[in-house]
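For reference, the structure is listed below as structure tokens.
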Amino acid sequence: MRSTGLILGVESSCDETAAAVVRTGDEALSNVVASQMALHANYGGVVPELASREHLRNIVPVVREAVAQAGVSLSDLDAIAVTEGPGLAGALLVGITYAKALSFGLGKPLIAVNHLEGHIHAVLLEARQKAEAPMEFPLLALVVSGGHTHLYLAEQAANEMWNYRNVGRTVDDAAGEAYDKVAKLLGLGYPGGPWIDALAPHGNPRAVPFAFGQIKTRAAKAAHAEQNSAGGMHRLPPIAMKPQRIGHPKFEQSFDFSFSGIKTAVRRYVETHHMRAGIEYRHAALAADASIRPGSPDAVKLCNPQTLDLIASCQHAVVGNLLRQTFAAAESFGARGVIVSGGVAANRELRRRFQAEADRRGLPIAFPSLALSTDNAAMIAAAAWPKFVAQNFAPEDLGATPQLRLGAQ
Ligand code: KG4
Ligand code: ZN
């Protein structure tokens, strides 16, 4: 049969059941997402068992809807692509089992896609849809979401397949996780990112000086420990968040991130500034009125100036850390362009400051639209296209890989 270039993508790695039909990796004909966010909001985080159950409930109608909206039939497809990891084991298995059955039933090849590669291709898909000039290689991609904060150096090989090198990662919490935890600490809704994003412009980002030392790089931490264990003779000054110099024997440059310190710092600030009563009041008010949304004036009214300053300062520190490490890595590896993707890429301060820094350096930068920032299946179908061209198909016994990594480490 003649190739149509149509790939059905299926994504179920976390709390979104998604399906999409994409033509030749550059034209999304449909992109359907059934979000479970409201369900998990009751628990302040994703509950794995509930996620699997909801995926089971949603997978068939979501795929049907994606195929119908695309105006194609299943027999028109060239291949089925599915997220194999990373993600929640039970959640991934729902999508994988369904995709395998569909591929077997239709006699079409199955393509396994890494969720993180999907996030990168969300940006490339949209750039191609807008017929923008392709970015030059190598590209530096920051994938920043609730589960991940990774820096990848990406290049395209001769056979169209992409090669990745993981040049930076979080050593503890992901940036989105920090947003979610800080929001929870402050009595705000779930997920926390959109709340902090919407409230931060109402506060002073310089009110609470989160010392950069609270977010240490892995190399700096190790060097610090080494110095201290050597008799404590030469105690290092507070560790700067700016990356260490290349080539220095003790300070190998690190592009890693750490976000658990900011959560602890916010908790301590809340305690020492007696903010508990206000937090409990806000939490109760939001629980009682689900119509209060992150950007609404009522949400701002629930926060006093001290809270708004804390939110603004916290976001300023997190975005500052992401920005410094990303551009330091881009410079160090000679990247010709920067891509930012994942749920946190929806953040307005992040987009503004990254765009300004890229402009200052004369470096092209691209973000996905808000719809393609968070989890979706169009990005999975788009990432599958080069694999289809290279005939890189999944084995019949494809399983879920919850800890799947992307690229050489
Ligand atoms: O990519 P995603 O939908 O799922 C994961 O793979 O994790 O990302 C969800 C994460 C959550 O932590 C959420 O708080 C964060 O993205 N997020 C944001 C914003 N919108 C979503 N963080 C900061 N600012 C936003 N506007
Ligand atoms: Zn994701």
For region 380-395, does any single residue satisfy the condition of being out of contact with any Asp or Glu (no Cβ under 8 Å at 6 or more places or on another chain), within 16 Å of ligand 2 (Cβ to nearest atom) and under 25 Å from Gly192 (Cβ atoms)?
no
Residue, farthest from ligand 2 (Cβ to nearest atom), within region 150-167, restricted to residues that are touching a residue at least 12 places away in the same chain (Cβ under 8 Å) and farther than 16 Å from Ala408 by Cα
Asn159
Odd one out for Phe327, checked against (1) touching a Gly at 6+ places or on another chain (Cβ under 8 Å); (2) buried (at least 22 other Cβ atoms within 10 Å of the Cβ)
(1)
Taking region 276-322 and the residues there that are assigned to a loop (DSSP other than H, G, I, E, B) and away from ligand 1 (no atom under 16 Å from the Cβ), the one that is modelled with the lowest pLDDT would be Ala290
Among the residues in region 126-136, are any surrounded by fewer than 24 Cβ atoms within 10 Å (Cβ to Cβ) and within 13 Å of ligand 2 (Cβ to nearest atom)?
no
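Residue by residue, here is whether (1) open to solvent by 50 Å² or more (accessible area, probe 1.4 Å); (2) of a type outside the set (D, E, K, R); (3) away from ligand 2 (no atom under 16 Å from the Cβ); (4) under 24 Å from the mean Cα position of the chain (by Cα) holds:
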site	(1), (2), (3), (4)
His40	no, yes, no, yes
Leu50	no, yes, yes, yes
Arg64	yes, no, yes, no
Ser75	yes, yes, yes, no
Ala81	no, yes, no, yes
Ile111	no, yes, yes, yes
Asn114	no, yes, no, yes
Gly118	no, yes, no, yes
Ala122	no, yes, no, yes
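Taking helices (runs of 4 or more DSSP H) that do not extend beyond region 340-409, which have at least 3 residues that are open to solvent by 10 Å² or more (accessible area, probe 1.4 Å) and of a type in the set (Lys, Arg)?
Output list reads 348-361.
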Just one of Val182, Val171, Val143 is over 30 Å from Asp397 (Cβ atoms) and under 16 Å from the mean Cα position of the chain (by Cα); which is it?
Val171
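The values are calculated or read from the model by the stated rules, or taken from the named source; none is laboratory data. Worth saying up front: this structure is predicted, and the values here are computed from it rather than measured. Positions of Cβ are backbone-derived with ideal geometry, glycine not excepted, and every protein chain shown enters the neighbour counts. The accessibility values were calculated without ligands, DNA or RNA, using every heavy atom of the protein model including side chains. Shrake-Rupley method; radii C 1.70, N 1.55, O 1.52, S 1.80 Å.
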